[in-house]
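Remarks on the structure that follows.
The values are calculated or read from the model by the stated rules, or taken from the named source; none is laboratory data. The shown structure was predicted, so the numbers you read here are calculated from the model rather than taken from an experiment. Note that we place each Cβ from the backbone using ideal geometry, even for glycine, and neighbour counts take in every protein chain shown. We work out accessible area using only protein heavy atoms, side chains counted, and drop any ligands, DNA or RNA first. Shrake-Rupley method; radii C 1.70, N 1.55, O 1.52, S 1.80 Å.
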Amino acid sequence: MATTTAASDLATLTRHSLAGLRMLLAFTLLTGLAYPLAMTAVGQMAFGWQANGSLVGSDGARTTSRDDAAGSALIAQGFAGEQYFHPRPSAGEYDTLASGGSNLGPLNPDLVASIEERKAAVADLEGVAPADVPADAVTASASGLDPHVSPEYAAIQVARVAAARGLTDAEVADLVAQHTTGRDLGVLGEPRVNVLQLNLALDVAH
């Protein structure tokens, strides 16, 4: 009787194990292979530009070729020349491998000092009062790679860029307006200016 029970238990265990193995194999193929391949195919066909990194060519047009890309519309990069609009500060020096904030609290003396230094530097560069320097001009984003600046920060840079390029303030301000995006769906987020696309447009037009 004990032998029969043991054999029955072994058969049950074997049956359940094989059923579990089949389920494991089926879900591995479904979620580990079929689903990722399907999503990749949909992404490439329906959202090819976004799926390949939202790359922008030197002419300002969208591209999916890394060889033709001047940068990504989603990742900030440094622009130091006076003829360019400057992005937000980056705790990681715009290095995608070092993406992140400084992890310093708002009352940290080092952070407070660096903000005051940046404010004075921006005010001197743009010829405005320190009180008129927007917050995003002196603080890094959480990722350190925010590709946008506020319209206010772009506005105080117009005169410098125009003078460096021999343009009128109105001409540069018009390009800023063309590259300003409003709130998503009219209510989400804040108006913003993509620095890379604006600078590329400046190079193309002037």
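So here's what we get for this one:
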item: Total formal charge among the other residues, if their Cβ is under 13 angstrom from that of Glu126, Lys/Arg +1 and Asp/Glu -1; result: -2
item: Accessible-area value, Thr4, 1.4 Å probe, nucleic acids and ligands omitted, Å²; result: 100
item: Sulfur and carbon atoms: percent of accessible area, the chain [1.4 Å]; result: 61
item: In Å², nearest 10: area of Val112 left accessible to a 1.4 Å probe; result: 60
item: Dimensionless Rg ratio for the chain, taking C-alpha atoms and the 2.2 N^0.38 Å reference; result: 1.60
item: Mean Cα-pair separation over length for the chain, i.e. relative contact order, pairs under 8 Å, 6 or more apart, %; result: 19
item: Surface per residue (accessible, 1.4 Å probe) for region 1-130, Å²; result: 69
item: Most fluctuating residue given options Arg15, Arg192, Arg62, as computed from a GNM of the chain linking Cα atoms under 10 Å; result: Arg15
item: Net charge dipole size for the chain [Lys, Arg +1 and Asp, Glu -1 on Cβ; Debye, nearest 20]; result: 1100
item: Size of charge dipole - region 1-122 - debye, nearest 20, with Cβ of Lys, Arg +1 and Asp, Glu -1, no other charges; result: 620
item: Ranked by how many other beta carbons lie within 10 Å on average, peptides 17-28, 46-57, 194-205 from highest; result: 194-205, 46-57, 17-28
item: Cβ-Cβ FRET estimate between Phe47 and Ala6, R0 fixed at 41 Å, reported to 0.05; result: 0.10
